[in-house]
1. Using heavy-atom solvent-accessible surface (probe 1.4 Å) with all chains present, what is the largest-first order of A:Trp119, B:Trp200, B:Trp269?
2. Using Cα springs under 10 Å in a Gaussian network model of chain B, which residue among B:Ala98, B:Ala239, B:Ala169 shows the largest mean-square fluctuation?
3. Pop out a list of residues from segment B:1-27 that are at least 40 Å² less accessible with all the protein chains around than in their chain alone; 1.4 Å probe, no ligands or nucleic acids counted.
4. With heavy atoms of protein chains only and a 1.4 Å probe, what residues of segment B:72-111 have at least 40 Å² less accessible area in the full set of chains than alone?
5. Please report the projected area of segment B:1-89's Cα convex hull averaged over all directions, in nm².
6. Leaving ligands, DNA and RNA out of it, work out the accessible area of B:Glu190 with a 1.4 Å probe and give it in Å² to the nearest 10.
7. Taking amide hydrogens as modeled 1.01 Å from N in the peptide plane, which residues meet the under 5 Å criterion relative to B:Cys118, leaving out close sequence neighbours?
8. Keeping all protein chains in the complex and leaving out DNA, RNA and ligands, what accessible area do you get for B:Asp76 with a 1.4 Å probe, in Å² to the nearest 10?
Amino acid sequence: MELTVTLEINEKKHVLTLDSRTTLLDLLREELHLTGTKKGCDHGQCGTCTILLDGKRVNSCLILAASADQKSITTIEGLSSSNSLHPLQKAFISHDALQCGYCTPGQILSAAGFLNEPWERTTEGIKEGMSGNLCRCGAYPNILTAVQEVLENQKLLNPQKASHS
Amino acid sequence: MKPFRYHRIKTLQEASHLTQEPGAVILAGGTNLIDMMRLEIMNPAAVVDIQSLPLNQIETLPSGGFRIGSLVRNSDLAFHPSIQKEYPVLSQAILSGASPQIRNQATVGGNLMQRTRCTYFRDGISPCSKRNPGTGCSAEHGYHRSHAVLGISDSCSATHPSDMCVALAALDAQIVLEGKKEKRTVPITEFYLLPQNTPWKETALEPAEIITAVDLPELPEGTRTCYLKVRDRSSYEFALVSAAVVLEFNQNQIQKARIALGGIAVKPWRVPEAEKLLHHSTPSKKLFQTCAETALKGAKPKKDNEFKVELAKRVILHALSLASKTKKE
């Protein structure tokens, strides 16, 4: 069955006519050619397809585009603003937090979601909070360092928010 | 994924009416349903998306306790300050399951309705009476390391995969069902059915009924709780064995105890005979050991999952020890 959905993707409104079976992941990649969001397992087991939906990190492979009607989406293409990389993107580069890079967009979007969730700001808290994203190259130590650095900087900039956890 | 009709509904009546269509299913967060549909294990003719219903509140009940709307996201429930304070066992259980991304999308009602992770059920081709009634059980003589040892039958030994529901069982949660003439509440332990020779019948949910909430009874002051889960890797994995323990204390005496087990049973599993041993007792390692032995008395392990019996006893013992040392804030 065909239906129409309205989505705000990276701050741009889209009105789309779709097959009801289309997932958000397939919509982003196949219809809108936003291929920064990657397909890994397609079953919610690897986290590679992580996006922000109304600001919360989710697996885009497990959500029908139809059920995201009227919602806002942020993908890796929309994370940075005005030609400046997001602090997480900078930290991933400076700490070499990747090898092949396939899981990286998902890792970064997941970390962006993590920063707004009430996790304990400890090494263990970050590890558990980032456990929904697999990295087959095993770049975990550097991913952890990158996220830690952004958290540290966030604490300096906004100590009240950081102490919320 | 097979084609389906998609309905976005605005009222409970509308949803209740549409679910009576042959082959209709309810869609909430979809983290399990969409996976099942992509695997073509579930091929609904119609998908009824209920996310616009006003069922996403966590409220206090006049009688004490809390009512959790069935569309509350798993993360929101686990991180809710009152839930963390009053029912830490529930927060711990939810946060031990799935991943942050899944918990941000998955709902309470959906968590209750998630399907088993039995590999034979999920492969879509092996004989499986849960998936294709009357075809038998491939785990019976196949590989069954992850399967249940409690509540099983010849037709099914698939485990219920939820962590949240194990904690809910230990909390004596009530499931609120609406859509028929009479709104009703069902204790979570009665909401799930034993497989017996009809493993495709999993819950007491009747046609036209929708889960609208879960009620949590108030816990007396001094209650101590613990959720302990063991699994093949330290995060993002289903339980081999888990235990939710709720101990009502008066001074240093246990007044009442509730224990629920996960990963080893066909549904969130209470052990009343073992719980009775702890009522009006002084906690001791010996007592906890007897309790753990009693809890597993009815276990029917097979060759690949025999280890779960001893593992479960140790998990119960450890969970009881941890809970009795944890003072409620």
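The values are calculated or read from the model by the stated rules, or taken from the named source; none is laboratory data. These numbers come from a predicted model, not from an experiment. Every residue, glycine among them, receives a Cβ derived from its backbone with ideal geometry; neighbour counts consider all protein chains shown. For accessibility, only protein heavy atoms count, side chains too; no ligands or nucleic acids. Shrake-Rupley method; radii C 1.70, N 1.55, O 1.52, S 1.80 Å.
1. So the residues, ranked largest to smallest area, are B:Trp200, B:Trp269, A:Trp119.
2. B:Ala98
3. B:Met1, B:Phe4, B:Tyr6, B:Arg8
4. B:Phe79, B:Pro100, B:Gln101, B:Asn104, B:Gln105
5. Numbers: hull surface 28.8 nm².
With every direction weighted equally, the projected area is 7.2 nm².
6. Rounded to the nearest 10, the figure is 120 Å².
7. When sequence neighbours closer than 5 places are left aside, the close amide H contacts are B:Thr159.
8. Here the accessible area works out near 70 Å².
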